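The values are calculated or read from the model by the stated rules, or taken from the named source; none is laboratory data. Nothing here was measured: the structure is a model prediction, and the numbers come from that model. All Cβ positions, glycine included, derive from the backbone under ideal geometry; neighbour counts span all protein chains shown.
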Amino acid sequence: MLNGLLARKMGMTQIFQDDGTVLPVTVLQAGPMTVVQKKTKDKDGCDHVQVGFEEIPERKLNKPAKGHFKDNSPTRFLREFEVEDIDQVEVGQVFGVDLFTEGESVAVSGNSKGKGFTGVMKRHGFHGQPASHGHRGHRGTGSIGQCATPSRVFKGKKMHGRHGNSKVTQLGLKIVKILAEEKIVLVRGSVPGPNGGLVKILKSNR
């Protein structure tokens, strides 16, 4: 079996348990995924399967992509997943929400929201300099190094720059409910990325 599933983040809501407890959950439209290609240790160095997610019309493909999808329906996304036994998976096989069970712990990976070019106060939570008269820094970075020794700025220094739009993996999430007919998975907690973003649900022991 695969160790994960591709999904679309639909948004957040809340559900009520039998004892009246309110749980905040993220709604994920998961699967179905179709196996497009098998990769083995002997030929490719690893036991992975390439899967396709979200079917698209064939007219949207170029010639190399049409050749790659010759035995399957074309899809918008192609991703790779680890597999326990590569011999038990076949090209064209479909995986869905039945890959998971309610109460199972998962990790969800996706791209965080991009916030553009931001300063150190928003990006790293700096307090900033005094805002009164006579101070010129206000929201500036301040000193970033030494003048003579070592005469350079150390790598990894917290400075202004691009904020967000990076891969984030949220651990310790739990599947609260699975709606098989609607292909929806309800995960307790927050998931990285904007609504409509592509995420990867992975099996986790944490």
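Tabulated values for the structure
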item	result
Meets criteria (at pLDDT 90 or above and under 23 Å from Leu186 (Cβ atoms)) for Ser112	yes
Qualifying position, being closer than 22 Å to Val199 by Cβ and of a type outside the set (Lys, Arg), among Gln88, Gln29, Gln17	Gln29
Enumerated strands (runs of 3 or more DSSP E) restricted to segment 138-204, each holding at least 2 residues that are among the aliphatic types (A, V, I, L, M)	167-179, 184-188, 198-203
Residues satisfying the stated conditions in segment 79-121, i.e. assigned to a strand (DSSP E or B) and among the hydrophobic types (A, V, I, L, M, F, W, C)	Phe81, Val83, Val94, Phe95, Val106, Ala107, Val108, Phe117
Residue in segment 65-82 that is surrounded by 14 or more Cβ atoms within 10 Å (Cβ to Cβ) and in contact with a Phe, Trp or Tyr (Cβ under 6 Å, 6 or more places away or on another chain) present	yes
Sole exception among (1) assigned by TED's automatic domain parsing to the domain that holds Gly189; (2) loosely packed, with under 13 Cβ neighbours inside 10 Å for Ile178, by number	(2)
Some residue of segment 33-52 being in a helix (DSSP H, G or I) and either under 15 Å from Phe77 (Cβ atoms) or modelled with pLDDT of 85 or more (or both)	no
When residues of segment 143-154 are limited to those that are surrounded by 10 or more Cβ atoms within 10 Å (Cβ to Cβ) and not polar (S, T, N, Q), the one farthest from Phe117 (Cα to Cα)	Gly145
Cβ-Cβ under 6 Å pairs, at least 6 apart or on other chains, segment 72-83 side closer than 10 Å to Glu58 by Cα, far side among the small types (Gly, Ala, Ser) and in a strand (DSSP E or B)	Thr75/Gly52
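Every residue, every condition in (1) in contact with a Gly (Cβ under 7 Å, 6 or more places away or on another chain); (2) of a type in the set (S, T, N, Q); (3) outside the structural domain of Val199 (by TED's automatic domain parsing); (4) exposed (fewer than 11 other Cβ atoms within 10 Å of the Cβ), yes or no:
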| site | (1), (2), (3), (4) |
| --- | --- |
| His138 | yes, no, yes, no |
| Thr141 | no, yes, yes, no |
| Asn165 | yes, yes, no, no |
| Thr169 | no, yes, no, no |
